[in-house]
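> After the structure tokens below, expect a handful of questions from me.
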Amino acid sequence: MRLLRLWPDESHFDFMRLRRFSFPLSALLSIATVVLFVTIGLNFGIDFKGGTLVELRPKAGATADVGAVRHTANGFGFGETEVQEYGQGSISVRFPLQAGGETGQTLVMQKAHAAFDADYTFERVETVGPRVSGELVQSGTIGVVLSVVAVLMYLWFRFERELALGAIVGTLHDIVLTVGLFVITRIEFNMTSIAAILTIVGYSLNETVVVFDRTRELMRRYKTMPTVELLNLSINSTMSRTVMTATSTALSLVALVLFGGEAIKGFSVVMLVGVVLCTYSAIFISTPFLIYIGLQGHSNRSPGRDEDAALKHAAE
Amino acid sequence: MLRFSTTKIVATLAVIVIGLALAVPSFFSADQRKAFVSSLPGWFPTWIVPTRAIVLGLDLQGGSQIVLEVDRNDLTRTMAQQLRDDVRGALRAEAIQADGGIQLTPRGVQLRIGDAANRARALPKLRALSQPVTDAVLGQTGANTLDIKEDPNGTIRLDFTDAGLNARVRRAVSQAIEVVRRRVDLGGTTEPSIQQQGADRILVQVPGLQDPQRLEEQLGKTAKLEFRMLADSPSGDVDMLPSRDSNGQRVPVERRVMADGADLTDAQPGFDSKSNEPIVNFKFNLRGAQRFGQATSENVGRPMAIVLDNEVVSAPRILQPITGGQGQISGRFTVQQANDLSVLLRAGALPAKLTIIERRTVGPGLGRDSIEAGKMATLVATVLVVVLMFATYGIFGLFANIALLVHVGLILGLMSVLEATMTLPGIAGIVLTIGTAVDSNVLIYERVREEVRAGRSIPSALQAGFDRAFATIIDSNSTMAIAAIILFFMGSGPVRGFAVVFILGILTTVITAVTLTRMMIALWYQRFRPKVLPI
């Protein structure tokens, strides 16, 4: 039986060369993210911004009229109200946080019910007061920071300093660009987004660790192989696995994007892009980064006396 | 690696069979499970039948979640009013007048006694109002409830201490939880979950609720019922309160409370025998009946105000003394309102106002849609990944696919046993897991292929593949675990469901991808002894 091969068995692609493109590209994207993050900012959901979100579904016989709902909702005078079509035939309405502390939000619900109860059912109502949203921002931030710290600790115990440094650069790169994705796509940033970011941290690290496990193994086997060659070999020999896992993960996420429903679509899209991002950064950022900081106990320039490498090539 | 002892095979299969069996109850409703257990013959040991099931989160089954917070300011104000009464009583007992009365401050009360001799007499009495703070958990804390300061010019300030306030908030929260529980129970909702959250919050979760607005209204009311006399005109001891009878216009009501809701033993909705208007019938306990009887005897012919949460509901004229301890409240209620009020009165008053600080409601229709979408996504993801694995690794892919299905089954089994909550993000976690779980198999298979290419014999390649990939599998799962555990501890509600799925998924991967696949491959190799590895 002829089996599917997503990546050729024997590849000798010079991945490290491409750092000339990947480094400037990632630097540019990271800077752009920071700039956009500061100027435009994230599209915070009510988890973090506070306010009221309702999802209206037309009652039997009625149809969703976004324009009419927008007109009515804006007429309440609650400030900038976002009205959108949502999923199949539903309408989402997002009211900003009202003054008057925790009780100020009650009036929003009263008016919304009075105006829309006749034609729509309230399929979802979420109200987050100013205090809760503040706490969620805090715990979200703590979560991301904590995960980076935990990852650092793990890498510190598990890997040599250079490898750990490379991995952390890759992980930070992925966090920054994921945030950039949120800024550009205007996908709502809420608690689920924090879950997406933390999962991406886990996945990013996973990708890097698989390559670096191999790097470490090869370092022991080929003590004198030039760093660039060693890193290329690490990636080439793990590439079929990397492509395979990225594909299976992406396939399951595609299923989630297409069939998982509106409520987790944002999460799924971000994760899907995140998987691509993590795979890219492991190969083109974390690994070539090691060239610049050098591998400890590993000679960087001894192209002449490379018996181990020669031996290895002979074995193939 | 290629020798799997019979004991090991039996143990592995047993773990898997038990794990999968545990998931079975989650595919049936609670009623179906009960019916099944009772349909078993009497001799059958029922404890062996798994009955615990995954709990559906409110986002999947529909329902309301409300977070209430005890309003500290409101509580402090109530305490200050009480303190004012106590101070007044203490001074009256000593026949001392405070110059200009007793003022409420944000943290207590203050008064001025210009006369030094009087002040010296009053102070010990005021100090006696301060009591040691006791705490259910900590016992005697050594702190007092009041901080009493005296200015040289004769002003005395009585401030609540932080310890005193905190103890009172704690007590208020536990009292409020009881009241909220009674209100929700009496309201007829099924399986509510009511628990304390943090120092001053109450989390109320009610599945499948049709009318969340009504629940909110019921929980938002303090339901403090007082019987006071209507005054003729505004004066010192009179409050101006809004009245339902005259459309919110304020009417003068005496400050003295003749009887209050704390003495009620029962309240039921009913209809007035003459006007047929919905009313609430109430019954006092002995103390309440005595006080009410005395008050009505002394005030025949005058209107008595029935005050609910500082609003005059109605002010009927006392026609004759009411000594039986029973009465009725009318107030142009609808049937629903009369019903709700009787529930509130039976459940008792809240010690302080509760503020809704967070509310999340999902309609049952949306919940059903989410479950359907989740099932569909899971199915499609499974098919895609299974096809990919089979196309890439042939028979080995088949082994991986069996392991994958067992893996998902085991996650569900563990969640059932833990009675964990499945949420929409949790379903997303399952779908994502389907994609990532095969990573372990991919790592092993790719390694085996490499070893074969490097010239190893089949058994030795398989051995090396499993051995060398194992360290990487542990590494890569640990990295995912780090993120998942942090998410579990900081996430709330639905997001936590995602973390649970992920953590359990990491645990089961080790069983399925490593042990189960290894066993299948070992048995397959022993049976067929292939010359070439088909991957």
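Computed from the coordinates by the stated procedures, all read-outs in this text should not be read as laboratory data. Since the structure is predicted, the reported quantities are computational estimates derived from the model, not experimental observations. No Cβ is skipped: glycine too gets one built from the backbone with ideal geometry, and neighbour counts run over all protein chains shown.
> Hand me the trypsin sites (Lys or Arg not before Pro) from the range A:176-242 located in a DSSP loop with no more than 12 other Cβ atoms within 10 Å, in residue order please.
A:186
> Right, another one. Please compute, for peptide B:463-471, the average count of beta-carbon atoms on other protein chains lying within 10 Å of each residue's beta-carbon.
1
> Hey, another quick one. Can you order the peptides B:482-493, A:10-21, A:35-46, B:402-413 by their average number of other Cβ atoms within 10 Å per residue, highest first?
So the order, starting with the most tightly packed, is B:402-413, B:482-493, A:35-46, A:10-21.
> While we're looking at this one, here's another question. Ranked highest first by the average count of other Cβ atoms within 10 Å around their residues, in what order do B:256-262, A:62-68, B:432-438 fall?
B:432-438, B:256-262, A:62-68
> Would you mind giving the mean number of other chain beta-carbons within 10 Å of the Cβ of each residue in A:5-18, as a whole number?
1
> Same structure, new question: Under a straight-distance cross-link criterion of Cα-Cα below 29 Å, which lysines are reachable from residue B:8, leaving out those fewer than 8 residues away in the same chain?
Within the straight-line cut-off, residue B:8 pairs with B:531.
> If the label point is 7 Å along Cα→Cβ of residue B:488, which residues in the range B:494-535 have backbone nitrogen under 12 Å from it?
Inside the label zone: B:496-508.
> Under the 0.36 nm per residue contour assumption, what length would be gained going from the current alpha-carbon distance of residue B:8 and residue B:319 to full extension?
103.1 nm
> Take residue B:478 and residue B:249, extend 7 Å from each Cα along the Cα→Cβ direction, and tell me the distance between the two endpoints in nm.
7.9
> Additional query: With a Förster radius of 60 Å, plug the Cβ-Cβ distance of residue B:44 and residue A:153 into 1/(1 + (r/R0)^6) and report the FRET value to the nearest 0.05.
0.70
> Select from the range B:390-465 those GluC sites (Glu not before Pro) which occupy a DSSP coil region and have at most 14 other Cβ atoms within 10 Å, ordered by residue number.
Passing both the DSSP loop test and the Cβ count: B:419.
> May I ask you to list the chymotrypsin sites (Phe, Trp or Tyr not before Pro) in the range B:1-86 that are in a DSSP loop and have at most 11 other Cβ atoms within 10 Å of their Cβ?
B:43
> Using a Förster radius of 51 Å, what is the FRET efficiency between residue B:275 and residue B:29 based on their Cβ-Cβ separation? Nearest 0.05, please.
So the FRET efficiency works out to roughly 0.60.
> I'd like the FRET efficiency for residue B:237 and residue B:266, computed as 1/(1 + (r/R0)^6) with the beta carbon distance as r and R0 of 30 Å, rounded to 0.05.
Here the calculated transfer efficiency is 0.45.
> Calculate the spin-label point distance for residue A:119 paired with residue A:21, positioning each point 7 Å from the Cα along the beta-carbon direction, and give it in nanometres.
If labels sit at residue A:21 and residue A:119, their model points lie 5.2 nm apart.
> Whole Å is fine, so just give me how far the alpha carbon centre of the range A:104-124 lies from that of the range B:505-524.
The range A:104-124 and the range B:505-524 have Cα centres separated by 52 Å.
> Please enumerate, by chain and number, the aspartates and glutamates with C-alpha under 12 Å from the C-alpha of residue B:125, excluding those fewer than 8 residues away in the same chain.
Cross-link targets: B:86, B:94.
> Between residue A:28 and residue A:135, how many nm apart are label points set 7 Å from Cα along the C-beta direction?
Inter-label distance under the simple model: 4.5 nm.
> Oh, and also: Considering only chain A, what is the antiparallel percent among its DSSP beta bridges, to the nearest 5?
Roughly 95 percent of the beta bridges in chain A run antiparallel, per DSSP.
> Now, a different point. Could you please state, rounded to a whole Å, how far the C-alpha centre of the range B:414-448 is from the C-alpha centre of the range A:237-292?
Using only Cα atoms to place each centre, the spacing works out to 16 Å.
> Measure up B:34/B:375; A:111/B:353; A:59/B:34; A:111/B:221; A:59/A:265 against 28 Å on the Cα-Cα distance and list the ones that go over.
A:59/B:34
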